[in-house]
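Here is the structure we will look at.
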Amino acid sequence: MVMGQAISPQERQRIIRVQDVEAAGNSGDKSFIPFLKAVLQSRKQDRQNWDRPQMALAKLGEREQQQQIVCIFYRGDAYEAQNAGIRQLPYIGGWFSIRLYVELLANKQIYSHWLKSEPHGSDAVLESPQGMALTYLPRLVPGLPPLNEKDWKETQRQWPEYIRKHEAELSQLEPQGGGVDFSGASCKSKPRERSINP
């Protein structure tokens, strides 16, 4: 299914019947939002992972879910941040994900939180916020200068500059993340729910 392409009534019924939340998000069809919100609430009530309906809603432009994903990097644990950085953001895409990856690349507050956060029961080495940005930004932003493997700090400086220069076209990519606070300031005032189980 191509993002934004009209779907048949049979495909719509299949998506709802099997709760194919990723297909609902990929459809670009905002009429799936009530269905996705219902799935999200049901999974929360049943104490199941609800990161997939969350990312589908974020892909369809739901600001509340986009803000919660941003807040993972300011208040969540390292395991949640890795899930968001390597699974949710590449799926969501658009200007929203590009902007958040730029924050992961350069925001000292996010990095400081990541260093202090717990991996919650995982012995695995978790990828840093900068590592996630360096891995996934090239998939979202065509034409980025190549990664300087000998001096990644140079890449950390060059990529945000490149993105700023191309902001006019990149900022048109959906979802755009309009109204989302990428600074983390609004994350302090909202209670955070955990979308995945440790």
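State all residues of the range 27-47 that are more than 19 Å from the chain's Cα centre (by Cα) and not in a helix (DSSP H, G or I); if no residue qualifies, say none.
Within the range 27-47, ASP46, ARG47 qualify.
Just give me the residues in the range 48-77 being outside any helix (DSSP H, G or I) and either among the aromatic types (Phe, Trp, Tyr) or over 30 Å from ASN107 (Cα atoms) (or both), in sequence order. Spell out how you get there, then give the answer.
Looking only at the range 48-77, we keep the residues that are outside any helix (DSSP H, G or I), and these are 48-50, 60-62, 76-77.
If the condition is that a residue be outside any helix (DSSP H, G or I) and either among the aromatic types (Phe, Trp, Tyr) or over 30 Å from ASN107 (Cα atoms) (or both), then GLN48, TRP50 are the ones that fit.
Could you figure out which of (1) under 21 Å from SER186 (Cα atoms); (2) of a type in the set (Asp, Glu); (3) outside the structural domain of ALA106 (by TED's automatic domain parsing) isn't true of ASP29?
Failing condition for ASP29: (1).
Exactly one of these conditions fails for TYR101: (1) in contact with a Leu (Cβ under 9 Å, 6 or more places away or on another chain); (2) hydroxyl-bearing (Ser, Thr, Tyr); (3) surrounded by fewer than 16 Cβ atoms within 10 Å (Cβ to Cβ). Give me its number.
(3)
Sort out which residues of the range 161-182 are closer than 25 Å to CYS71 by Cβ and surrounded by 12 or more Cβ atoms within 10 Å (Cβ to Cβ), and write them in order of number.
ILE163, GLU167, LEU170, SER171, LEU173, GLU174, PRO175, GLN176, GLY177, VAL180, ASP181, PHE182, listed by residue number.
Looking at the structure I just gave you, is LEU105 closer than 14 Å to PHE182 by Cβ, assigned to a helix (DSSP H, G or I) and touching a Pro at 6+ places or on another chain (Cβ under 9 Å)? Even if it seems obvious, please write down each step before you answer.
Numbers: closer than 14 Å to PHE182 by Cβ: yes; assigned to a helix (DSSP H, G or I): yes; touching a Pro at 6+ places or on another chain (Cβ under 9 Å): yes.
Yes: the conditions hold for LEU105.
Look at GLY61 and say whether it is buried (at least 24 other Cβ atoms within 10 Å of the Cβ) and either within 9 Å of the chain's Cα centre (by Cα) or touching a residue at least 12 places away in the same chain (Cβ under 8 Å) (or both).
No: the conditions fail for GLY61.
Which of the residues belonging to the range 123-144 are of a type outside the set (A, V, I, L, M, F, W, C), free of Cβ contacts under 8 Å to residues at least 24 places away in the same chain and either within 19 Å of GLY93 (Cα to Cα) or loosely packed, with under 10 Cβ neighbours inside 10 Å (or both)?
First, the residues of the range 123-144 that are of a type outside the set (A, V, I, L, M, F, W, C): 123, 127-131, 135-136, 138-139, 142-143.
Filter once more, so that each one left must be free of Cβ contacts under 8 Å to residues at least 24 places away in the same chain: 123, 128, 131, 138, 142-143.
Within the range 123-144, ASP123, GLY131, PRO138, PRO142, GLY143 meet the criteria.
Out of all the residues in the range 36-47, which are free of Cβ contacts under 8 Å to residues at least 40 places away in the same chain and surrounded by fewer than 18 Cβ atoms within 10 Å (Cβ to Cβ)? Please lay out each step first, then the result.
So the first thing to find is which residues in the range 36-47 are free of Cβ contacts under 8 Å to residues at least 40 places away in the same chain, and the list is 36-43, 45-46.
Of everything in the range 36-47, those that are free of Cβ contacts under 8 Å to residues at least 40 places away in the same chain and surrounded by fewer than 18 Cβ atoms within 10 Å (Cβ to Cβ) turn out to be LYS37, ALA38, GLN41, SER42, GLN45, ASP46.
Could you please find all residues in the range 1-26 being in a loop (DSSP other than H, G, I, E, B), at pLDDT 90 or above, at negative phi and not small (Gly, Ala, Ser)?
The initial filter retains those residues of the range 1-26 that are in a loop (DSSP other than H, G, I, E, B), namely 1-8, 18-20.
From what is left, the residues that are at pLDDT 90 or above are 8, 18-20.
Keeping just the survivors that are at negative phi gives 8, 18, 20.
Correct list: VAL18, ASP20.
The values are calculated or read from the model by the stated rules, or taken from the named source; none is laboratory data. The structure presented is a predicted model; accordingly, all values stated were derived computationally and were not measured. Glycine also receives a Cβ, built like all others from the backbone with ideal geometry; neighbour counts cover every protein chain displayed.
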